[in-house]
Amino acid sequence: MTHGSGTLPLMAIYGGIDLGGTKIQAAIVDEDSDHEVLGAKRDQTPLKGGPKAIAARMAEVLKEAADDAGVKIDKLAGVGVGSPGGVDDAKGTVTGANNLSEWTGSFNLRKALEKELDTPVSLGNDVDLATDAEFQIGAARKYDSLLGVFWGTGVGGGVILNKEPWNGRGTAGEIGHMVVRVNGAQCGCGRRGCMEAYAGRGSMEARARRRVEAGDKTVLFEIMEERKRDRLSSGIWERALARDDQMAIELLEEAVEALGAGVASAVNLLDPEAVVVGGGLGIRLGDHWVKKIRKAMLPHLFVDDDPPAVLLAELGDLGGAHGGALLAARKANA
Ligand SMILES: [Zn+2]
C-alpha cells in the first residue's frame with residue numbers, strides 16, 4: 001500500500017480533498033518526498049446550492065491549495081476525495097450525504113471534479129481515508145491493527161485488521177452507534193442510547209440548548225455569537241473550557257464517559273493494537289482529552305492490564321486530505 005515500489009509515475013504530486021459537513025479541506029502532497037504537504041487550504045462547505053455548488057467550491061479550494069504550493073493544477077498526478085454519504089468509486093457517485101446541504105440523491109462527484117480539474121479523481125469514504133492516513137503515515141504507522149475514532153459532529157469509526165481495512169458488508173465502523181445506554185438519549189440516527197447521542201458535537205449542542213431553556217447558565221452561546229457562528233464548533237467548546245464554563249465541562253465529561261464505554265466495548269471485541277482519536281473535537285481538545293478518554297475506557301476493558309495504545313491523531317486537520325492523496329497515489333500506481 002505504501003509508495004516506493006518502483007512503479008511510481010514521473011509526477012508524484014497528488015491532491016487530497018476532505019469534504020465535511022462544515023468544512024472543505026484540500027492539500028497538495030508530494031508522495032515521493034515523505035508525504036510532504038506542499039500547500040493546503042480550507043473553506044466553509046456551501047450551505048446552499050446542493051452538490052453542484054459543493055463540487056465547484058471543492059475544485060476552487062483545491063486550486064487555491066495548488067496556488068499555495070506553487071504547483072500548477074495540471075502537474076497533479078491525481079486527486080483523491082474523502083466524502084461522507086454513500087461513496088461509489090466505480091461509478092464516481094456520492095449518494096445521500098445527509099450532513100451536506102441538499103445532497104439527498106445521487107450525484108456524480110467525479111465527473112464534476114474531473115471537468116474542473118482535468119486530472120483523475122478517486123473517491124473514498126471520509127472516515128476510511130482518515131483512518132488509512134493515520135495507519136499509513138500517522139500515529140498508528142508502526143501497528144498492524146487500528147481502531148480510528150473521529151470525534152466531531154458525529155462520532156465516526158474506521159477499522160484496520162491485519163493491515164487491511166475492514167468494511168464488513170460495506171458499512172462497518174459505525175462506532176458512534178455503539179449502544180452505551182439501553183433506552184438512553186435520542187440519537188440523530190433515530191435510535192436511543194448511542195455513543196454519539198452523548199459524544200457527538202451535534203448532540204452536545206442540542207443538550208446545551210435544552211439546558212439553557214431550562215434556565216442553566218453557560219458562555220457557550222455567547223462565544224458563538226461573538227465568533228459570528230451559527231453552531232457550537234469545536235473551537236467554541238475549547239474557548240468555553242478555557243473560561244471554566246461549568247456546562248461545557250459537564251457536557252464534555254459526559255461525552256468522555258460515553259466514549260470510554262463505547263470505545264472500550266469495541267476494543268473488547270476487536271483487540272486492536274492501537275486506538276487513534278481524531279475528528280474536529282478530538283484534534284482541538286488534544287492530548288489532554290485523549291488521555292481522559294483512555295482513562296474512561298479502563299473500567300470497561302475486559303483485559304484491563306494490557307490496554308491498546310490510545311493516541312491522538314497525528315495528521316490533525318489534514319488527515320482526511322492526506323488520505324485522499326494516498327488513495328490517488330494508490331490508484332495511479334495500481
Ligand atoms: Zn445512533
If we scan region 12-29, do we find a residue that is closer than 26 Å to residue 165 by Cβ, open to solvent by 50 Å² or more (accessible area, probe 1.4 Å) and modelled with pLDDT under 95? yes
For region 113-151, how many residues are open to solvent by 30 Å² or more (accessible area, probe 1.4 Å), more than 17 Å from residue 18 (Cβ to Cβ) and assigned to a strand (DSSP E or B)? 0
Residue 171 is checked against (1) within 16 Å of the ligand (Cβ to nearest atom); (2) touching a helix residue (DSSP H, G or I) at 6+ places or on another chain (Cβ under 8 Å) and fails just one. What number does that condition carry? (2)
Output for region 88-101, where each listed residue is of a type in the set (Val, Ile, Thr) and surrounded by fewer than 23 Cβ atoms within 10 Å (Cβ to Cβ): 93, 95
Check region 246-255 and report whether any residue there is crowded, with 24+ Cβ neighbours inside 10 Å and under 27 Å from residue 32 (Cα atoms). no
By residue number, the members of region 158-176 that are crowded, with 19+ Cβ neighbours inside 10 Å and more than 16 Å from residue 271 (Cα to Cα) are 176
Of all residues in region 46-77 being among the aliphatic types (A, V, I, L, M) and over 20 Å from residue 29 (Cβ atoms), the one that is most open to solvent (accessible area, probe 1.4 Å): 47
Tabulated pairs, region 195-213, first without any contact (Cβ under 8 Å) to a residue 24 or more places away in the chain and in a helix (DSSP H, G or I), second open to solvent by 10 Å² or more (accessible area, probe 1.4 Å) and among the charged types (D, E, K, R), C-beta under 7 angstrom, 6+ apart or interchain: 203/196
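The values are calculated or read from the model by the stated rules, or taken from the named source; none is laboratory data. All figures in this text were calculated on a predicted structure; none of them were measured in a lab. Cβ coordinates were reconstructed from backbone atoms using ideal geometry, including for glycine residues, and neighbour counts include every protein chain displayed. Please note that ligands, DNA and RNA were not included when accessible areas were found on the heavy atoms of the full protein model with its side chains. Shrake-Rupley method; radii C 1.70, N 1.55, O 1.52, S 1.80 Å.
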